[in-house]
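Take a look at the structure below.
Nothing in this text is a laboratory measurement; each read-out follows from the coordinates by a stated rule. Model, not experiment: these values are computed from the prediction. When we count neighbours, we look across all protein chains shown, and the Cβ atoms used for this are built from the backbone with ideal geometry, even at glycine.
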């Protein structure tokens, strides 16, 4: 089976920051080849990309189309 993580916390408790740390550890350890981060609003995606996730730089992409460029390691769909 596939290992998945679902992170649920109350509003304003730091879900994005916790998600960043989980993604960072999995990515740096090489445990996962590709990581998908989901949010229910485009504004949250843009905020995460601009702030907490900026460290990932060119390893991360925002998916805007149905076609996915698999050369990236971290994916954030809009």
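So what is the calculated 222 nm ellipticity per residue for the chain, using -39500 (n - 2.57) for each DSSP H run with n of 4 or more, over all residues, to the nearest 500 deg cm²/dmol? About -9500 deg cm²/dmol.
Each Cα pair under 8 Å and six or more residues apart adds its separation to the average, and for the stretch 34-78 the resulting relative contact order is 54 percent.
Quick one: if the Förster radius is 25 Å, what FRET efficiency do residue 25 and residue 2 give, using the C-beta to C-beta distance and rounding to 0.05?
Values: r = 18 Å, r/R0 = 0.73.
It comes to 0.85.
Answer rounded, prolate or oblate for the stretch 34-78, using the Cα gyration tensor with square roots of eigenvalues a ≥ b ≥ c: rounded when a/c is under 1.5, else prolate when a/b is larger than b/c, else oblate. Write down the numbers at each step before the final one.
Values: a/c = 2.03, a/b = 1.16, b/c = 1.76.
Oblate, since a/c reaches 1.5 and b/c is not below a/b.
Could you tell me the calculated FRET efficiency between residue 41 and residue 73, based on Cβ-Cβ distance and R0 = 22 angstrom, to the nearest 0.05?
Working: r = 24 Å, r/R0 = 1.07.
The calculated FRET efficiency here is 0.40.
When restricted to Cα atoms, the chain yields an Rg and a Dmax of 12.2, 34 Å, respectively.
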